[in-house]
Amino acid sequence: MSSGTANGSSMELGECIQNTGFHEDDKTEDAVGGDEENRTSTVRMSPGREEDTYTQIKPYAGMPKEVLLLYSVQARYRLPREILFWLTIVCTLALVALTITVIVMSPRCLSWWQSSPVYQIYPRSFKDSDSDGIGDLKGILDKLDHFQYLNIKAIWISPFYKSPMKDFGYDVEDFRDIDPLFGSMQDFDDLLAAMHDKGLKLIMDFIPNHTSDTHQWFNLSSSGHAQYKDYYIWANCNTTHAPNNWVSVFGNSSWTYVEERQQCYYHQFLKEQPDLNFRNPHVRREMTVRYCSCTHAQYVADLKTCSELWRLEIVRFWLEKGVDGFRMDAVKHILEAKHLRDEPQVDPQQDPDTIDTEFELHHDYTTTQLGLHDILQAWRGEMDVYSREPGRYRFMVAESYDYEETDKTMMYYGTPHVKESDFPFNFYLMDLPTNLTGTGAQGLVNLWMANMPVGKWPNWVVGNHDKPRISSSVGQEYIKVINMLLLTLPGTPTTYYGEEIGMVNINVTIDEIQDPFGKFNPNASRDPQRSPMQWSDGPNAGFSDANHTWLPLHPHHTTVNVEAQQKDSGSVLSQYRALSLLRQTQLPLHRGWMCYIWSDADVFAFLREIDGLDKAFLVVLNFGADSVINLSAITELPEQLTLHMSTNQENYGMPVIKSSIATARGEGLLLEYSTHMRFNPGHASQCFVSEKACYLGALDILYKC
C-alpha cells in the first residue's frame, strides 16, 4: 500500500502497479516539476474524512487503453457514438438511394446531333484557299469561326474523295484518299483536329451504292477477273438491246455495254457511276469488314499473297480517323431485284420506247428491296462500336427521296429492337413553295410528325445541293420566317450553306453549266444553288482570290454577305444566330412539347412548352397575306403575351393580346408567356414530343415523367 498527500487531503490507493520502466530522477527541478504534476493530477477528496474511497479520475488526453476502456462503456459516451454511427449509415444509404433515383429518373441527355443544327457545306463553293477558284478543305478550316458565331456544332461536308468529278465527288475512285482539288489527307487531318478543338463535329458523305468507273474494282470487274467479276451488276445484252426497261435517275437507260466483257453493267445514276452488287458477300465485306490493298498487277502476279494484305474497311477507316458521323447517300438504290424484270409503267398506254425518265416507271424492282435494312443495320452496329467512348457518339443519317411513300422513309429509323439511322432526312418542307399557306405548312410538318415512330427524333430540311434554294423558290421575303420555322420546331434543323444569309439561285448560261444532270437537261441543272459562298462585298465575295470562280457569283453579293449582315441586328444572319442561341438555352424549344393551335390560309401557329416549367412560347408564322388571328378560345394561353422576337424587328418586349395577334406577310413572331396550365394534357392529338421530360423547379432539374 502507498499513500500521498495533496493540499491537506489524503487519498489511499487500494492497489498499485509497479512500472519497471520508471527511474526516479534526483534532480531538484525534476522533483519540483513532479510535485507540481502530482498536485495537478490528484483529485480533491471530501475534507473531514480520514479515509476516502477512490471515485475515478476524469478522462484525459493520452490516457492508457485500460482507462479508455473503463469510460467507453459508460452510457453517456456509448450512446453518442452509436447515434453518430447509425446516422452515418442512414445518410450513406439515403445518398445512395438519391443517386440511384436521380440516375433512373433523369431523362437522357440530348446528343450533339440533337442539340445543334446541322450545317451542310458544299466544299467546291464554301471557301477557296489556294486561288484556283474552287473551294477546298483549308478554306473550310479558315472559316470555322463562322460556325461558332452561329452556335452550330455539327457540320456535314459533301464528298471530297478522290474522283474524276463526273458528278462532283459522288463518283468515287478511291474511298480512302482526298481529291487533290480539295487538298491532301494531311489537310483533312488538320481540319478534323481543329474542328474537335473547337467542339465541332464532322459528318462525312458515305456513298455506298456505286463507285466511279475508274475505280480499281470496276477495272478488275470489266476485265473479268475472277475475284471481282461480280462486284458490279452485269447482264447479257448487246449494243442495241438493254436487259430491261430500267431508267437512270439522270435519264435514259440505266445499262451501258462494255465490249471487253460483252455485257452491260447497271448504273442508277451516270454511266460513269456503276452500281455495286451488294448481293455479293465480298462487296459487303469490302464496304463493311476489310479491304484488300493490292493493285491489279499484284492480283495477277500473286493472288494468294495479295489476299493477305488487308486494310481497314471504308467505314472503319474514317471512324478510326475520328469522323463523327456519316450521311448515307442514296440508300434506297443499294439493292436491286435479281430477276431483272421490266418495271411497270406509270402510264400503261405509253409507248415503252419513249420512256426515258425515272418518273415514268414504278420502281418496284430497283429501290427499297428486301435486305436493304440488314445492310444499314450492320453499318449502324459498326458505328455503335466506336460510340462507346463517352462524348464520341457516331451519328448516322440516311438519305432517301421516297416522296409520298412516307412509310418507306420511316423504316430507316429502325425498329424498337434494332437501331438503324438516327433519322432519315426529312425533305417534305422542300415542298413549301407549292404549299405556301399556313395550312400547307402545318400539313407538311404533320406529314412527318404523325408518321414518325413514337419516341424518335424529327428533323427538317428546306434546301440542299440537289434542290433550288428556298429563297428563290418562295421569295426572299419569306426566308426569315422559314428560318424561324426550322429553329423553333422540335428536332434537328439542317441548314444548307448560304441559307443563313438568304442566298438565292444564280443564273447560269448553257455555256457555263457544270452539272452533268444539267448537261442532259439544262432546265434541271443544279448549278444555280451551288454558287460560291458570299463572305463579303470584296472581289469574288471574299470566296477566292482567283481571276475566275468555278461558278459565277450572284450580283447581289455586295449587299447580301456575311460581313455586312453581322453588323445589322435585323439581318437574316443575326436573327438566325439569335434563334440558334435561343433554341439551345430555352428548355421548351430545346426538348419540349410542340402543339398545333392554329392554321389558316395565312398563318401557322404552334406552342412549345415543357411540363413543370411556367415559361412557354407561342410561335406565329405568316406564309400569306397580312393577318390578325384571335386565340381567345385557347384557355391555356394567358390574355397577354410578351413579344420575344419578330422577324420584322419591331416592338421587341411589347405586350401582345391573344385575341388580336397581328402579323404581316412573311413575318414570324416568337411570343413568350407564363402559365401554370399546360395545353398538351388535354389535346393529345395536336401535340408531339420525342424526348419527354418534366422540369422540377425546386431543384432546377429535369426528370422522367
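Observations on the structure shown:
- Of the residues making up segment 413-430, those that are over 19 Å from Val249 (Cβ atoms) and either outside any loop (DSSP other than H, G, I, E, B) or open to solvent by 40 Å² or more (accessible area, probe 1.4 Å) (or both) number 10.
- Selection within segment 666-689: residues that are among the small types (Gly, Ala, Ser) and within 30 Å of Gly502 (Cα to Cα). The member of this set that is surrounded by the fewest Cβ atoms within 10 Å (Cβ to Cβ) is Gly666.
- The residue pairs whose first member lies in segment 520-545 and is in contact (Cβ under 8 Å) with a residue 60 or more places away in the chain, whose second member is of a type in the set (Lys, Arg) and in a helix (DSSP H, G or I), and whose beta carbons are closer than 9 Å, counting only pairs six or more residues apart or on different chains, are Arg530/Arg124; Pro532/Arg124.
- Arg176, sole failed condition from (1) under 29 Å from Pro493 (Cβ atoms); (2) over 22 Å from the mean Cα position of the chain (by Cα); (3) assigned to a strand (DSSP E or B): (1)
Here is a yes/no grid of residues against (1) under 21 Å from Ala154 (Cα atoms); (2) of a type in the set (Gly, Ala, Ser):
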site: Met449; (1), (2): no, no
site: Ser471; (1), (2): no, yes
site: Val481; (1), (2): no, no
site: Leu486; (1), (2): yes, no
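- In segment 451-463, the residue that is farthest from Ser116 (Cα to Cα) out of those that are surrounded by fewer than 21 Cβ atoms within 10 Å (Cβ to Cβ) and either touching an Asp or Glu at 6+ places or on another chain (Cβ under 6 Å) or in contact (Cβ under 8 Å) with a residue 40 or more places away in the chain (or both) is Asn451.
- When residues in segment 129-148 are screened for being more than 11 Å from Leu181 (Cβ to Cβ) and part of a loop (DSSP other than H, G, I, E, B), 3 of them pass.
- Output for segment 467-490, where each listed residue is part of a loop (DSSP other than H, G, I, E, B), of a type outside the set (Lys, Arg) and touching a helix residue (DSSP H, G or I) at 6+ places or on another chain (Cβ under 8 Å): Pro468, Leu489, Pro490
- Between Gly139, Gly135, the distinction of being under 24 Å from the mean Cα position of the chain (by Cα), surrounded by 10 or more Cβ atoms within 10 Å (Cβ to Cβ) and under 30 Å from Asp422 (Cβ atoms) belongs to Gly139 only.
- Of all residues in segment 374-390, one or more are open to solvent by 30 Å² or more (accessible area, probe 1.4 Å) and in contact with a Leu (Cβ under 8 Å, 6 or more places away or on another chain).
- Verdict on Gly697 being surrounded by fewer than 14 Cβ atoms within 10 Å (Cβ to Cβ), without any contact (Cβ under 8 Å) to a residue 40 or more places away in the chain, of a type in the set (Gly, Ala, Ser) and farther than 15 Å from Met594 by Cβ: no
- Failed criterion for Ala194 (all others in (1) closer than 30 Å to Glu286 by Cα; (2) in a helix (DSSP H, G or I) hold): (1)
- Residues within segment 165-178 that are among the charged types (D, E, K, R) and either crowded, with 22+ Cβ neighbours inside 10 Å or free of Cβ contacts under 8 Å to residues at least 12 places away in the same chain (or both), tallied: 1
- Qualifying residue in segment 343-356 (condition: modelled with pLDDT under 95 and in contact with a His (Cβ under 7 Å, 6 or more places away or on another chain)): no
- Qualifying helices (runs of 4 or more DSSP H) (wholly inside segment 500-619; at least 3 residues being within 30 Å of Asn435 (Cβ to Cβ)): 516-520, 572-585, 587-591
- Exactly one residue out of Pro552, Pro522, Pro528 is surrounded by fewer than 21 Cβ atoms within 10 Å (Cβ to Cβ), closer than 30 Å to Gly251 by Cα and at pLDDT below 95, and it is Pro522.
- Per-region count, segment 224-245, residues out of contact with any strand residue (DSSP E or B) (no Cβ under 9 Å at 6 or more places or on another chain), within 16 Å of Asn277 (Cβ to Cβ) and open to solvent by 50 Å² or more (accessible area, probe 1.4 Å): 3
- Exactly one residue out of Asp230, Asp171 is of a type outside the set (Gly, Ala, Ser) and out of contact with any Asp or Glu (no Cβ under 7 Å at 6 or more places or on another chain): that is Asp230.
- Condition check for Gly592: small (Gly, Ala, Ser) and open to solvent by 20 Å² or more (accessible area, probe 1.4 Å): no
- Scanning segment 479-507 for residues that are over 30 Å from Ala616 (Cβ atoms) and open to solvent by less than 40 Å² (accessible area, probe 1.4 Å) yields Tyr496, Tyr497, Gly498, Ile501, Met503, Val504, Asn505, Ile506.
- Within segment 194-216, considering residues that are of a type in the set (A, V, I, L, M) and touching a residue at least 60 places away in the same chain (Cβ under 8 Å), the one farthest from Leu270 (Cα to Cα): Leu202
- Looking at Gln566, Gln575, Gln514, Gln584, just one residue is surrounded by fewer than 20 Cβ atoms within 10 Å (Cβ to Cβ) and closer than 30 Å to Phe679 by Cβ, and that residue is Gln584.
- The one condition in (1) open to solvent by 10 Å² or more (accessible area, probe 1.4 Å); (2) part of a strand (DSSP E or B) that Leu202 fails to fulfil: (1)
- Failed condition for Thr434, given (1) within 27 Å of the chain's Cα centre (by Cα); (2) exposed (fewer than 14 other Cβ atoms within 10 Å of the Cβ); (3) of a type in the set (S, T, N, Q): (1)
- Those residues of segment 246-264 which are open to solvent by less than 10 Å² (accessible area, probe 1.4 Å) and in a strand (DSSP E or B), in sequence order: Cys264
- Pair list, Cβ < 6 Å and 6+ apart or interchain, from segment 472-492 residues that are farther than 12 Å from Gly668 by Cα to residues that are in a helix (DSSP H, G or I) and open to solvent by 10 Å² or more (accessible area, probe 1.4 Å): Ser473/Pro433; Val474/Pro433
The values are calculated or read from the model by the stated rules, or taken from the named source; none is laboratory data. As the structure is a prediction and not an experimental result, all values here were calculated from the model. So basically every Cβ, Gly included, is an ideal-geometry build from the backbone, and we count neighbours across all protein chains shown. What goes into the accessible areas is simple: the full protein's heavy atoms, side chains included, and nothing from ligands, DNA or RNA. Shrake-Rupley method; radii C 1.70, N 1.55, O 1.52, S 1.80 Å.
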